[in-house]
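The values are calculated or read from the model by the stated rules, or taken from the named source; none is laboratory data. This is a predicted model, so every value here is computed, not measured. Glycine gets a Cβ as well: all are built from the backbone with ideal geometry, and neighbour counts include every protein chain shown.
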Amino acid sequence: MALDPIATRYAGALFEAAKDAQQLDEVREHLTLIGRLVRQHPDLRQLMNNPDVDPPDKVGVLDRAMQGAWSPLTRAFIEMVVVRGRAEYLPQIADAFEAAVDAAQGRLRAQVRSAHPVGHETLARIRKHLEAREGKHIDLEADVDPRLIGGVQLVLGHRVIDGSIRRQLAELRERLLSVRVF
C-alpha cells in the first residue's frame, strides 16, 4: 500500500513538531488510535467526511472518543486537519506518521502470514534473520490465514515475499495455461 502524498505531507509536518516537542511516541499512540477509530467505525468515518458537520463538532466527537486523553499537540493538529477539510485523510496520516517514526527509530514492521500457527522459536529465527538482513529492529507480528494452504508470506513494510502454496499453485496454473498444446 502506497502512502498518500497529502497524508504524507501532513504526517511529515506533525512528525517534525512532535520530534521538536519530544512527543513522538505519545503522538503516535494517539494518532494511531484516531486512525483506527475512523477506519473501524463507518458512522464516525461518515461524520468526519460530511462537509455539513462543523469542524468544531467533528473535533468534539473525537475528543469524546479519546475521552480527552490526547496531547495538546495531537488535538491542535487534528483540529487543523479537520478545519482544512482533510478529515478523510486521518487514517492515512496515522499510517504515514507511524512509518516516519519507525524510520527515524530504525524499526521495521513485518508480518508473517501462514496457514497454520508459527511457533515462537521459528518466529525468533525469522526475526533474527530479518534484523541481520535489514539492519533494523524488526517488530514481527504473526497472522494465520488458512487461504494460503501452506507455506508463509512475509510482509516487510511495502514488500511481500510470498512462499505460500497458494501462490505456487497460481503460478503453476498460469504456466499450464500458457503452454501450447498441438
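Here are the numbers for the structure shown:
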{"read-out": "Contacts under 6 angstrom Cβ, first residue in the stretch 146-162 being charged (D, E, K, R), partner modelled with pLDDT of 90 or more, 6 or more apart", "value": "ASP162/GLN153"}
{"read-out": "Evaluation of ARG127 against (1) out of contact with any helix residue (DSSP H, G or I) (no Cβ under 7 Å at 6 or more places or on another chain); (2) within 30 Å of ASP43 (Cα to Cα); (3) surrounded by 15 or more Cβ atoms within 10 Å (Cβ to Cβ); (4) of a type outside the set (A, V, I, L, M) (one fails), failing number", "value": "(2)"}
{"read-out": "Scan of the stretch 45-57 for residues that are of a type in the set (Asp, Glu) and either assigned to a helix (DSSP H, G or I) or touching a residue at least 12 places away in the same chain (Cβ under 8 Å) (or both), ordered by number", "value": "ASP57"}
{"read-out": "Which listed residue, of ALA110, ALA94, is buried (at least 20 other Cβ atoms within 10 Å of the Cβ) and assigned by TED's automatic domain parsing to the domain that holds LEU130", "value": "ALA110"}
{"read-out": "Within the stretch 19-44, tally of residues that are in a helix (DSSP H, G or I) and free of Cβ contacts under 8 Å to residues at least 12 places away in the same chain", "value": "5"}
{"read-out": "Condition met for VAL144 (among the hydrophobic types (A, V, I, L, M, F, W, C) and surrounded by 12 or more Cβ atoms within 10 Å (Cβ to Cβ))", "value": "yes"}
{"read-out": "Criterion: more than 23 Å from the chain's Cα centre (by Cα) and over 22 Å from ALA18 (Cα atoms) - qualifying residue of ARG45, ARG39, ARG64", "value": "ARG64"}
{"read-out": "Matching residues, the stretch 147-160, being surrounded by 11 or more Cβ atoms within 10 Å (Cβ to Cβ) and closer than 26 Å to ALA104 by Cβ", "value": "LEU154, VAL155, LEU156, GLY157, VAL160"}
